[in-house]
Structures are given as structure tokens and as C-alpha cells.
1. When you scan the stretch 54-68, do you find a residue that is within 25 Å of V268 (Cα to Cα), part of a helix (DSSP H, G or I) and out of contact with any Leu (no Cβ under 9 Å at 6 or more places or on another chain), even just one?
2. State which residue is surrounded by the most Cβ atoms within 10 Å (Cβ to Cβ) when the search covers only the stretch 204-229 and only residues that are in a loop (DSSP other than H, G, I, E, B) and touching a residue at least 24 places away in the same chain (Cβ under 8 Å).
3. Look at the stretch 32-44 and say how many of its residues are of a type in the set (A, V, I, L, M, F, W, C) and at pLDDT below 95.
4. Does L189 satisfy being of a type in the set (A, V, I, L, M), within 21 Å of the chain's Cα centre (by Cα), away from ligand 4 (no atom under 16 Å from the Cβ) and open to solvent by 20 Å² or more (accessible area, probe 1.4 Å)?
5. Return a yes/no flag: does the stretch 177-189 have any residue that is in a loop (DSSP other than H, G, I, E, B), touching a strand residue (DSSP E or B) at 6+ places or on another chain (Cβ under 8 Å) and away from ligand 3 (no atom under 15 Å from the Cβ).
6. Where residues in the stretch 167-181 are modelled with pLDDT of 90 or more and open to solvent by 30 Å² or more (accessible area, probe 1.4 Å), which of them is farthest from ligand 4 (Cβ to nearest atom)?
7. How many of the residues making up the stretch 123-166 are small (G, A, S) and open to solvent by 40 Å² or more (accessible area, probe 1.4 Å)?
Amino acid sequence: QAGRNSYQFFSSEMNRLVVEGHRMKVALHEALNRHEFELYFQPIMDHSSQRIVSMEVLLRWRRAGNELVSPGKFIPLAEESGLIIPIGAWVLRAACQQIESWRRQGIEVPRLTVNLSMKQLGTKQFVHDVITILRETGVRADCITLEVTESMLAENTTDVAQKLHQLSSLGFHIAVDDFGTGYSCMALLKNYPIDLLKIDQTFVRNICADKNDAAIVIAIIAMAHGLGMRVVAEGVETPEQLDFLSEKNCDFYQGYLFYKPQPASDIVNSLRRSDVFVSLR
Ligand code: C2E
Ligand code: MG
Ligand code: MG
Ligand code: MG
């Protein structure tokens, strides 16, 4: 991590990190069997109608001892080990089951948005597995948005393009996550059936102060609209950011200004308290 052309003596801190990383990997193998994963939900807002258009599904790992691990820590490990494939399938199934469970309680969630990793999309049977999960749970494809990243679009393009076209024609919406942080290849965008671009929160953070970030965001919105896509701003935390973005015709918003990610029961309670959100039968 210190970069090339340098050396460092072995330290007990390094040892601790290696041991901790290894422990986490071992524990991650057991996490599915032990039912240690939980879904958190964060609404994505349509500001003009003050309605929730979707909720992003964000994975959490509750380890023994009740420690809640954020995905930034364990998703890279899961990707490295290939565990992301069964974990990702679990996330999609659990998300579909949650939609059905809410529906039985009279709560119509318009749609859920699920993150995909390259390893998952790369498996041969990915589309088949997804169809199986829909069948098992009785959820329609148009209730789900699948999020991919720019780097996934750049990799093995024909295979990825084929799968995304299949998924799109089944009714799934496709979103590009963290847009602008990867190797954004504009030419790639037109080859894929993309419904939404999600502007990464690093651009949104300083949008009111940094002219360059503002220019990038304005350009992304214009390009997306020109290509018939809609735009979500991620990480919206202040009314000033919201005002700026809405003046620039951003379509949807996600961030702490509206809601933090919450477990299913909490999110339903905060939705029940306000009447402006998903329709309750
Ligand atoms: P992401 O998909 O870009 O998700 C948005 C992240 O921004 C979430 O972090 C969310 O909690 C955080 N966030 C939302 N609003 C705000 C805000 O106003 N301010 C700030 N500072 N942060 C905000 P989280 O939940 O820690 O997830 C991190 C990443 O882990 C996600 O980034 C996604 O790439 C990945 N991830 C999460 N769940 C899954 C999953 O089920 N499968 C896969 N493959 N990746 C996942
Ligand atoms: Mg995401
Ligand atoms: Mg994102
Ligand atoms: Mg992000």
C-alpha cells in the first residue's frame, strides 16, 4: 500500500491486519449458513411528486457478537473468493421475498434496486438463475432494477451486452452505479439497454462549491437525457445540493437528506408515518 520503490519492516500491526482479514474470510464462508446477512433499504425519491420510486437494497453482515459489517469491508473479500455468487443470489431472492411479504401486508413497494457484481453477471447461468428466483418468489421483473458499474460494461462486452439485453427485455430496469468514477466510456453506453445513470456521491458532495464537479454533473444529466436515460443523484445530504440538482433537471435523489438505509421493519414504520410515500392499501 505504500507504493513501489519502498520497503517497510514487518510490524505487529501488519500481522494484525493479515490475521483479521483471514478471520473475516473464514467467517464469511459460514455467514450464509448462519443467516448473518440482512438487507437494508434506502429510498430513491422523485422530488417533484415527493414519492418513492424505488428503494436500493444494501447488504449488511451481522457477525457473531452483533457487530454490523458494512459492504465496503466484506464485498471485496466475497468477490475475491467467489462467494459473491451465492451471496448475490441470496440478496436477490431475499429482496423478492421482501416485496412479497410487504405486499401481503398491503404495502406496495414500487420497485427494489439490487447491486450486481461482475463475478455474478459473468456466470454462464446468471439470467437463468434470475428467472428461477422470480418464478420461486412470484415477483415480476419490472419490480426490480439491476445496478451494474461502468467497469462491468467495459469488460467482455458482447457477453455482458447479451445478458443485459435479455434481462431488459424480460422487464428489468438497468442502472449504471457510481457513474463517472470508473473508466467512463461514453461510446459503450449506447450499446446497452440502460434506463438510469446514478451520479456518484463524490461529484454530489461538493457540487455547490466546486465548479468542475458542477460542470461534470450538468454534462452527465444532459448526456443521459439525450440518450433517453434518467438520472439519480447519490449521496444527497443538504437542501443546497438538492436545489442545485433539481434546477439542473436531475430526475431522482437518494441520500441522507431523505432517508438513511434502514432495516425492513424500520423503513416500513417511517413510510407509514408519512402519507406521501408508497401507497398503502
Ligand atoms: P452503492 O451501490 O453506490 O450504494 C450507495 C452507498 O452510499 C451505500 O453505502 C449508502 O449507504 C451510501 N449512502 C447513501 N446515501 C448517502 C449519503 O447521503 N451520504 C453518504 N456519505 N453515503 C450515502 P453502503 O450501504 O455502505 O454500500 C457500499 C457499497 O457496497 C455499495 O455502493 C455497493 O457498491 C456495495 N453493495 C452493497 N450491497 C451490495 C450487494 O448486495 N451486492 C453487491 N455486489 N454490492 C453491494
Ligand atoms: Mg448501488
Ligand atoms: Mg452507487
Ligand atoms: Mg457509491
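The values are calculated or read from the model by the stated rules, or taken from the named source; none is laboratory data. Owing to the predicted nature of the structure, the values given are computational and were not obtained by experimental measurement. Please note: Cβ atoms are built from the backbone with ideal geometry, for glycine as well, and neighbour counts cover all protein chains shown. The protein model used for the area step is the full one, side chains on, heavy atoms only, and it has no ligands, DNA or RNA in it. Shrake-Rupley method; radii C 1.70, N 1.55, O 1.52, S 1.80 Å.
1. Among the residues of the stretch 54-68, not one is within 25 Å of V268 (Cα to Cα), part of a helix (DSSP H, G or I) and out of contact with any Leu (no Cβ under 9 Å at 6 or more places or on another chain), which makes the answer no.
2. By that ranking, first place goes to I207.
3. 1
4. No; evaluated as a whole, the condition is false for this residue.
5. Filtering the stretch 177-189 down to residues in a loop (DSSP other than H, G, I, E, B) leaves 180-185.
Now drop any that are not touching a strand residue (DSSP E or B) at 6+ places or on another chain (Cβ under 8 Å), which leaves 180, 182.
Then drop every residue that is not away from ligand 3 (no atom under 15 Å from the Cβ), which leaves none.
No: zero hits.
6. Across the stretch 167-181, the extreme among qualifying residues is S169.
7. Of the residues in the stretch 123-166, 3 are small (G, A, S) and open to solvent by 40 Å² or more (accessible area, probe 1.4 Å).
For every residue, the table says whether it meets (1) among the hydroxyl-bearing types (S, T, Y); (2) open to solvent by less than 10 Å² (accessible area, probe 1.4 Å).
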position: Y183; (1), (2): yes, no
position: T202; (1), (2): yes, no
position: V231; (1), (2): no, yes
position: Y253; (1), (2): yes, yes
position: Y259; (1), (2): yes, no
